[in-house]
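K.L.:
Before anything else, here's the structure in question.
The values are calculated or read from the model by the stated rules, or taken from the named source; none is laboratory data. Only a predicted model underlies this, so the values are computations on that prediction, with no experimental measurement involved. We place every Cβ from the backbone using ideal geometry, glycine too, and count neighbours over all the protein chains shown. Just the protein is used for accessible areas: all its heavy atoms, side chains included, with ligands, DNA and RNA removed. Shrake-Rupley method; radii C 1.70, N 1.55, O 1.52, S 1.80 Å.
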Amino acid sequence: MEANGVTSIGECMLELSGQAGPNWRMGFAGDTFNTLWALHALSPGRPATYVSAFGDDPFSRDQIAFLAQNGIGIGSSPVIAGARPGLYAITLTGAERAFTYWRSDAAARQLASDAAALAKSLENQALVYFSGITLAILDDAARKTLLSAVATARAAGSLVAFDPNYRPRLWPSRETAEAAILEALAVADIALPTFPDEQMLFGDETPHATAERLGTLVGEVVVKNGEQPALIAVDGASATIEAVHVASPVDTTGAGDSFNGGYLAARLAGHAPVDAVRRAHRVAAAVVQVRGALAPFEILRTAFET
């Protein structure tokens, strides 16, 4: 069977956004899901799978139904009796967002509880994507199970992409995060770090320092830096690509995740790295002009093709 699908591994949460007085809008989002959402929108004809673990409560059933309604499957992800999804709320100051989380007992923490099911979900995939948040919600044993499954998929021909996405509150220590992220980079073909995260965790002084450090581990590195230019480094050659300026952003939630989705969709479609970054910048610029992490598919597609 030809490897054609795209798969993302992690935690999809309930998202509360758009507060108006005591009322909130509820949706579904999470870093690796946001990336898959964009990747799926921009990769017509490729089956999309979100690999996680789900509960059996009404919110979990709605979550799985929402994925299915948008053409996204869950593979062999376990559905765990008595479990439930994590939850977060977005509060905005202008367009800049802050998050409040309720996720300590989320079902997704058990996504690697069944090694055979996890491995099956990753079979015959053109691309496997995961992040540092995926790693952070797992215990040590589950993390090893995950990385082993990803390595097996890569050996079978899957392209593996990884965003370190460092969130200090999720890790027991900085040293644990460093070690886990380095292990993940060892099984990745593409790294999609964000410079402020790398500076915080590894002490990099510049995006070039990040690219040089990661370039010894991964052949293709894209260093995101908010509204600043992105740096692409492939096999020792590098280039900077200006971001797309948005004069009046509405909500910056999911911008970096959507950038990743745009970049990976472009690379899978055969676009060169520099062109892929340009398309990814346009996708991210479109996302910050809507509320919440998920932009409608047509908005993403228009931005990608413009």
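K.L.:
Summing Lys, Arg as +1 and Asp, Glu as -1, what charge do residues with Cβ under 11 Å from the Cβ of A211 carry, A211 excluded?
P.N.:
Net of charged neighbours comes to -3.
K.L.:
Right, something else. Over the range 107-187, what is the relative contact order in percent, taking alpha-carbon pairs closer than 8 angstrom and at least six residues apart?
P.N.:
It comes to 36 percent, rounded to a whole number.
K.L.:
Could you tell me whether the range 1-115 comes out rounded, prolate or oblate from its Cα gyration tensor? Rule is a ≥ b ≥ c as square roots of the eigenvalues, rounded for a/c under 1.5, then prolate if a/b exceeds b/c, otherwise oblate.
P.N.:
In terms of gyration-tensor shape, oblate.
K.L.:
Still on this structure: What is the extension gain from K120 to L92, computed as 0.36 nm multiplied by their sequence separation minus the C-alpha to C-alpha distance, in nm to one decimal?
P.N.:
My answer for the length gained is 6.1 nm.
K.L.:
When only C-alpha pairs under 8 Å and at least 6 residues apart count, what is the relative contact order of the range 249-306, in percent?
P.N.:
In percent, rounded to a whole number, it is 44.
K.L.:
Something else about it: Kindly point out which whole DSSP H helices in the chain project their C-alpha atoms 15 angstrom or further along the helix axis while averaging a Kyte-Doolittle hydropathy of -0.5 or above.
P.N.:
For the chain, where a helix must reach 15 Å along its axis and average at least -0.5, the hits are 31-41, 58-69, 140-155, 174-185, 255-268, 273-287.
K.L.:
As a test question: what accessible area, to the nearest 10 Å², does S148 have when a 1.4 Å probe is rolled over all protein chains in place?
P.N.:
Approximately 70 Å² of S148 is accessible to the 1.4 Å probe.
K.L.:
For E15, what charge total do you get from the other residues with a beta carbon under 13 Å from its beta carbon, if Lys and Arg give +1 and Asp and Glu give -1?
P.N.:
-1
K.L.:
Between Rg and the Kirkwood Rh of the range 1-63, both from Cα atoms, what is the Rg to Rh ratio?
P.N.:
Radius of gyration over Kirkwood radius for the range 1-63 works out to 1.07.
K.L.:
Please compute the Cα-Cα pair-distance distribution of the range 169-239 with 5 Å bins starting at 0, giving whole percents from short to long.
P.N.:
Whole-percent P(r) values from 0 Å outward: 3, 17, 28, 26, 16, 7, 2, 0.
K.L.:
Quick one: net charge around A107, please, counting Lys, Arg +1 and Asp, Glu -1 for every other residue with C-beta under 15 Å from its C-beta.
P.N.:
-3
K.L.:
Looking at the range 1-93 only, what percent of DSSP beta bridges run antiparallel? Nearest 5 please.
P.N.:
Rounded to the nearest five, the antiparallel share is 40 percent.
K.L.:
Still on this model: Separation of the range 21-49 and the range 215-285 by C-alpha centroid, Å?
P.N.:
18 Å
K.L.:
Still on this model: Please say if the chain is rounded, prolate or oblate, where rounded means a/c under 1.5 for a ≥ b ≥ c the square roots of the C-alpha gyration tensor eigenvalues, and otherwise the choice is prolate for a/b larger than b/c and oblate otherwise?
P.N.:
rounded
K.L.:
Then there is this: Can you give me the distance in nm between label points at A269 and A239, each placed 7 Å from the Cα along the Cα-to-Cβ direction?
P.N.:
Placing both labels 7 Å beyond Cα along the Cβ direction yields 1.7 nm.
K.L.:
Still on this structure, I have one more. When all protein chains stay in place, what accessible area (Å², nearest 10, 1.4 Å probe) is found for Y101?
P.N.:
Surface open to solvent at Y101 totals about 100 Å².
K.L.:
Let me ask something else. For the range 152-296, what does the relative contact order come out to in percent, with C-alpha contacts under 8 Å and a separation of six or more?
P.N.:
16 percent
K.L.:
Continuing with this model, one more query. Taking 41 Å as R0, compute the FRET efficiency from the Cβ-Cβ separation of S248 and D62 and round it to 0.05. Don't skip to the answer; put the middle values down first.
P.N.:
Values: r = 33 Å, r/R0 = 0.80.
With R0 = 41 Å, the Cβ-Cβ based efficiency is 0.80.
K.L.:
Using +1 at the Cβ of each Lys and Arg and -1 at the Cβ of each Asp and Glu in the range 1-129, identify which of A116, A126, I90 lies farthest towards the dipole's positive end.
P.N.:
I90
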